[in-house]
């Protein structure tokens, strides 16, 4: 009887040790997976920030070009009107 109790105790101890190791393994995998997802999110955020800054810079360049062209158009409009008045229709 003592021998069967000892065997049951050994089996229970081995099973509990296996379950504990399995639990720690799952925990480690989960922590690693979470860290990988966090790194992916940070990289995506960095790319988004870089893209946004590039687009803002391009927008600013386009606004400057638009203002320059509007100024040129405003300067040329009176000359164009004078030419139209002089030319026969």
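What the table below lists for this structure:
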| quantity | calculated |
| --- | --- |
| Ascending count of other beta-carbon atoms within 10 Å, so fewest first, for 9, 3 | 3, 9 |
| Debye intensity ratio in log₁₀ form over the Cα atoms of the chain, taken at each q of 0.16, 0.24 Å⁻¹ | -0.88, -1.09 |
| Residue with peak Gaussian network fluctuation, the chain [Cα springs, cutoff 10 Å], from 36, 49, 77 | 77 |
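Values quoted throughout were computed directly from the atomic coordinates according to the rules given, and no laboratory measurement underlies them. Small disclaimer: the values here were computed from a predicted structure and weren't measured. Counting neighbours? That spans all protein chains shown, and the Cβs are built from the backbone with ideal geometry, glycine included.
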